[in-house]
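Asks: Quick one: the structure is below, questions incoming.
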Amino acid sequence: MRNFSSYFEFNPCIICKSNDFKVLKKSKYNEDLNEDKLLQLYKSSSDEKLIDQMVCCKECNLVYLNPRVKSNIILNSYTNSDDPTFFEQNNLRIRTFKKQLNKIVRTLSITPNKNYILDIGCAGGAFPKAAHDLGFKVIGIEPNKWLVNEGIKKYNIDLKSGILSDFNFQKENFNIITLWDVIEHLTNPEEVLHSISHIIKNDGYLLINYPDVNSLACKLMRSKWPFYLNVHLFYFNRKTINKFLDNCGFKVISCEPFWQTLELGYILKRASAYFKIFKIAYFISKKIKLDKIPFKYNLGQTFIIAQKKAGHEKNLE
Ligand SMILES: [Zn+2]
């Protein structure tokens, strides 16, 4: 194998800073790997299976990729790819988000038009669109320029391309900040969480959806769990995400499975990359015209409501 060390970097654990880890899955690089191929791995919804080394921190049990592709290569790839298949499922994503938001409004007894939301990593704007329709004031940011342009064209809402550090949001600006299927993609989640802590109001809510590596689906599917992807740099469970958020100044107030609705055909097509039986199911669903029906599923996606701990901002300064 050629020497690719210039593309990779080692990172300490983001929870306990330890460099001591045990290898769970070894890396699987092909002879013909090059920078173009690495860039290809990091499209926003890339379903490229895991090829980087997966490790578990010996101190706190956080599972993460180490070493992994350098941050600048990952970000460059997110910024400059287009992703039409991802966008096609947006109507169902909006429907799922509206249901979830209505539930949150009831649980937290909040009034939509009195709350300003920042959605970080909004992809094609499905969540901001849902929040906007329910009466929230909302802005979405996303590194992928193509998705942002498509979202603005289609929904005429406030979306901006870039990552959090590109923007100069005011201190205590937002009531709610959301990370939908984003935290596991971040190269520097700690830095992002500290920035969030600065721009969220003191009693503000942080909503996070992530794939849980301790979920039943993960345990049953083992190496075929569909969230083992090269774009997923961190594999949290309830314990590690609690610890991580606590370190960053947030207290978890609820944690539950998140049920996603997408078209049956889209799910079967993606699943066929893992289990051949789904390829047959996909063709049958198309033949009998069931491929467009909405299908509700959970494969370990977990939804967290966290709240900024009082006085944390002061401790940072
Ligand atoms: Zn650790």
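The values are calculated or read from the model by the stated rules, or taken from the named source; none is laboratory data. What you see is a predicted model; the values in this text were computed from it and never measured. Glycine also receives a Cβ, built like all others from the backbone with ideal geometry; neighbour counts cover every protein chain displayed. Areas reflect the complete protein model, heavy atoms only, side chains present, ligands, DNA and RNA absent. Shrake-Rupley method; radii C 1.70, N 1.55, O 1.52, S 1.80 Å.
Asks: From largest accessible area down, sort R238, R270, R93; use a 1.4 Å probe on the protein chains.
Replies: R238, R270, R93
Asks: Further question on the same structure: Which of rounded, prolate, oblate describes the stretch 5-79, given a ≥ b ≥ c as roots of the alpha-carbon gyration tensor eigenvalues and a/c under 1.5 marking rounded, otherwise prolate only if a/b is larger than b/c?
Replies: prolate
Asks: For each pair in K224/K289; K201/K309; K129/K296; K98/K239, compute the distance between the two Cα atoms and list the pairs where it is over 18 Å.
Replies: Exceeds cut-off: K224/K289; K129/K296; K98/K239.
Asks: Projecting each Cα onto the charge dipole of the chain (Lys/Arg +1, Asp/Glu -1 at the beta carbon, about the Cα centre), which of T107, I157, A306 comes out farthest on the positive side?
Replies: Farthest along the dipole direction, towards plus: T107.
Asks: Using a 1.4 angstrom probe on the protein heavy atoms only, could you order W180, W146 from most to least accessible area? Write out the running numbers ahead of the final one.
Replies: Values: W180 15, W146 70 Å².
So, going from the largest accessible area down, we get W146, W180.
Asks: Cα gyration tensor of the stretch 60-209, axes a ≥ b ≥ c as square roots of the eigenvalues: rounded (a/c below 1.5), prolate (a/b > b/c) or oblate? Provide the component values of the computation, followed by the final result.
Replies: Working: a/c = 1.60, a/b = 1.18, b/c = 1.35.
Because a/c hits 1.5 or more and a/b fails to exceed b/c, the stretch 60-209 counts as oblate.
Asks: Kindly sort W225, W259 by accessible area of their heavy atoms, largest first, with the probe set to 1.4 Å.
Replies: Highest to lowest solvent-accessible surface, that is W259, W225.
Asks: How far, in nm, would the chain grow between T261 and L33 when pulled straight, counting 0.36 nm per residue and subtracting the alpha carbon separation?
Replies: Contour length minus the Cα-Cα distance gives 78.6 nm.
Asks: Another one. Which of the trypsin sites (Lys or Arg not before Pro) found in the stretch 126-182 are loop residues per DSSP with 10 or fewer other Cβ atoms within 10 Å of their Cβ?
Replies: The qualifying sites are K171.
Asks: Note down the relative contact order for the chain as a percent, whole number, built from C-alpha pairs under 8 angstrom at least six residues apart.
Replies: Value for the chain: 17 percent.
Asks: In a GNM of the chain with a 10 Å cut-off on Cα contacts, which of V231, V105, V55 has the highest mean-square fluctuation?
Replies: V105
Asks: Given points 7 Å out from each Cα along the Cα-Cβ axis, report the N298 to A273 separation in nanometres with one decimal.
Replies: Placing both labels 7 Å beyond Cα along the Cβ direction yields 2.4 nm.
Asks: Sticking with this structure for a sec: Return the single residue from Q89, Q100, Q170 with maximal mean-square fluctuation; model: Gaussian network over the chain, springs between Cα atoms under 10 Å.
Replies: Sorting by GNM fluctuation, first place goes to Q170.
Asks: Run the helix sum for the chain: -39,500 (n - 2.57) per DSSP H stretch of 4+ residues, divided by residue count, reported at 222 nm to the nearest 500 deg cm²/dmol.
Replies: Working: 12 runs with 108 residues, N = 317.
Result for the chain: -9500 deg cm²/dmol, rounded to the nearest 500.
Asks: Taking square-rooted eigenvalues a ≥ b ≥ c of the alpha carbon gyration tensor, is the stretch 121-233 rounded, prolate or oblate, where a/c under 1.5 means rounded and, failing that, a/b exceeding b/c means prolate?
Replies: It comes out prolate by the Cα gyration axes.
Asks: Give the cross-link partners of K145 among the aspartates and glutamates, using a straight C-alpha distance below 15 Å as the criterion and excluding same-chain residues fewer than 8 apart.
Replies: Cα-Cα hits under 15 Å: D82, D83, D158, D166.
Asks: Under 10 Å, Cα contacts only: if you run a Gaussian network model on the chain, which one of F275, F234, F250 comes out with the highest mean-square fluctuation?
Replies: Top of the fluctuation ranking is F275.
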